[in-house]
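Taking it in order: structure first as structure tokens, then the write-up.
The values are calculated or read from the model by the stated rules, or taken from the named source; none is laboratory data. In this text, all values refer to a predicted model and were calculated from it rather than measured experimentally. Positions of Cβ are backbone-derived with ideal geometry, glycine not excepted, and every protein chain shown enters the neighbour counts.
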Amino acid sequence: MSLRSVTPLFLSATLLATSALGQVETLEQPAPAAARASYPHATEPIGSVRETYDGVLTPEMAVNTFRNIDRLFPARTVPRSLAPMPLPPAAVPLVNVSFQVGNKAYDLIDYLYINKIAALLVLKEGRVKLELYRFGNSARTRWMSMSVAKSITSTLIGSAVKQGYIESLTDDVTEYVPSLSGSAYDGVTIRDVLMMSSGVGWSEEYTDPASDRRRLLEAQIAQVPGGALAVMKSLPRVAEPGTVNNYNTGETQVAAEVLRGAVGQTLAKYLSERIWSKFGMEADANWWLESPDGIEIGGSGFSATLRDYGRFGQFLLNGGRAGGEAILPSYWIREATTPKVLKGGTPLEYGYLWWTGTTPASREDGAYMAIGIHGQTLYVNPVAKVVVVAWGARPEPMAEYAIDDWLFCDAVADALKSK
């Protein structure tokens, strides 16, 4: 497919992109503060959270729901900065990206259409190389992160280590969450949880109503204080802590409980104080709660604007500094985003709730990614100094037909290394 159907170019404050119907949309830069008072999608019909996880929403209803997830559950606001950090346009925009998957050639338009991308942002050294929106989204739209929230939770734990709220990742989680004492989490360290290697039994199937993941979701739907933690306390031990990795969204709720116990305040407030306001995020974000006025959901339910997700990636690319302060330990980003080794010597292609590179190019550059179901990605490449944010609008949680996001991001980074 050629680029004749979409030409994203900076024209003053305007960017052009192609909509899902092939129509040209005008994409304006972020609106001033006064225009943020009313959310543009607030009156749209949306689906239910069960329909979302079952993957039965229509494509149109999926879009509406994904940009209104704060209507699915009670949510806590993450206040924006009073001094937004500029994201100026690059002198030369990124117009196209070409790459190969096996013997087949793809380009930017293929990626947008095949992966059902609802918005895409590419930053190079903090400047906007590409910014486009589809399906009626705009710079004011907030979009769900799904498991990208896990990487945000991990980063906040790094901040708590920096401030001394958490003494060491080798501390047992029960030191910060005493109510887990007597459960399978006895003897599990914070590091084990960040590597999803607690040894606690868990099934992650999103569309299986009997899975542990859906049990956790049902606890959230019930909105009973302590319900999510009760699910985690009920799980069995199936392996020695630190020896086996098993992808486990519930593990990130344990991480959220550890963080809340360590810092003594809500995760939303802590995120705003340490990163969101200090680094210049321009819009309020939202974060799902386990129950009214309860704890945030550590592994999903975070929603923000495209540019603010980009700024979060830029915060990491800049070494975890914000407001002239080191928010994270000097070693944290590298340690959190590089492959680990389990007890017994088994290698693990996973960091601390961050995905490490799966392709030769991403491994060579030390690139890392936060990934959420339905097609959400936040990619950071420290060698190319590139951040890529993609919003997926795939109705199914796991889409086998999609182009590998790593290959697309590799192509973006390669195209920008010399520009």
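General remarks:
- GLY227 vs. criteria out of contact with any His (no Cβ under 6 Å at 6 or more places or on another chain), under 28 Å from THR52 (Cβ atoms) and in contact (Cβ under 8 Å) with a residue 60 or more places away in the chain: yes
Conditions (1) of a type in the set (Gly, Ala, Ser); (2) in contact with a helix residue (DSSP H, G or I) (Cβ under 8 Å, 6 or more places away or on another chain), marked per residue:
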position	(1), (2)
LEU217	no, yes
ALA222	yes, no
PRO225	no, no
LYS233	no, yes
VAL244	no, no
THR249	no, yes
VAL254	no, yes
VAL263	no, yes
ALA268	yes, no
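- Scan of the stretch 142-185 for residues that are among the small types (Gly, Ala, Ser), under 16 Å from GLY298 (Cβ atoms) and buried (at least 16 other Cβ atoms within 10 Å of the Cβ), ordered by number: SER145, SER147, ALA149, SER151, SER154, GLY158, SER159, ALA160
- Failed criterion for ALA304 (all others in (1) in contact with a Phe, Trp or Tyr (Cβ under 7 Å, 6 or more places away or on another chain); (2) among the aliphatic types (A, V, I, L, M); (3) part of a strand (DSSP E or B) hold): (1)
- Set VAL193, VAL188: member being of a type outside the set (Ser, Thr, Tyr), surrounded by 16 or more Cβ atoms within 10 Å (Cβ to Cβ), closer than 23 Å to ALA160 by Cβ and within 23 Å of the chain's Cα centre (by Cα): VAL193
- Flag if VAL224 is over 24 Å from the mean Cα position of the chain (by Cα) and β-branched (Val, Ile, Thr): yes
- Within the stretch 189-213, considering residues that are assigned to a loop (DSSP other than H, G, I, E, B) and among the hydroxyl-bearing types (Ser, Thr, Tyr), the one farthest from GLY344 (Cα to Cα): THR207
- Output for the stretch 212-229, where each listed residue is among the small types (Gly, Ala, Ser) and buried (at least 16 other Cβ atoms within 10 Å of the Cβ): ALA219, GLY227, ALA228
- GLU240 more than 18 Å from ILE295 (Cβ to Cβ), surrounded by fewer than 21 Cβ atoms within 10 Å (Cβ to Cβ) and modelled with pLDDT of 95 or more: yes
- Only residues that are surrounded by 23 or more Cβ atoms within 10 Å (Cβ to Cβ) and farther than 22 Å from PHE66 by Cβ were counted across the stretch 273-289, and they come to 2.
- Any hit, the stretch 152-172, residues being at pLDDT 95 or above, on the phi > 0 side of the Ramachandran plot and over 24 Å from the mean Cα position of the chain (by Cα): yes
Rundown of residues vs (1) under 19 Å from SER145 (Cα atoms); (2) modelled with pLDDT of 95 or more; (3) more than 23 Å from the chain's Cα centre (by Cα), yes/no style:
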residue: VAL63; (1), (2), (3): yes, yes, no
residue: ASN68; (1), (2), (3): yes, yes, no
residue: ARG71; (1), (2), (3): yes, yes, no
residue: SER81; (1), (2), (3): no, yes, no
residue: VAL95; (1), (2), (3): no, no, yes
residue: TYR106; (1), (2), (3): no, yes, yes
residue: TYR113; (1), (2), (3): no, yes, no
residue: LEU120; (1), (2), (3): yes, yes, no
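- All positions within the stretch 65-83 that are of a type outside the set (Lys, Arg), outside any loop (DSSP other than H, G, I, E, B) and surrounded by 20 or more Cβ atoms within 10 Å (Cβ to Cβ): THR65, PHE66, ILE69, ASP70, ALA75, VAL78
- Flag if ALA268 is touching a Pro at 6+ places or on another chain (Cβ under 9 Å) and part of a helix (DSSP H, G or I): yes
- Checking each residue in the stretch 242-257 for being assigned to a loop (DSSP other than H, G, I, E, B) and within 20 Å of ILE157 (Cβ to Cβ) picks out GLY242, ASN245, ASN246, TYR247, ASN248.
- If you go through the stretch 214-241 and keep only what is charged (D, E, K, R) and part of a loop (DSSP other than H, G, I, E, B), you end up with just GLU240.
- Condition check for GLY264: surrounded by fewer than 19 Cβ atoms within 10 Å (Cβ to Cβ), within 30 Å of GLY324 (Cα to Cα), modelled with pLDDT of 95 or more and not aromatic (Phe, Trp, Tyr): yes
- From the list PRO292, PRO347, PRO339, the one residue that fits, being of a type outside the set (A, V, I, L, M), exposed (fewer than 15 other Cβ atoms within 10 Å of the Cβ) and closer than 19 Å to THR377 by Cα, is PRO339.
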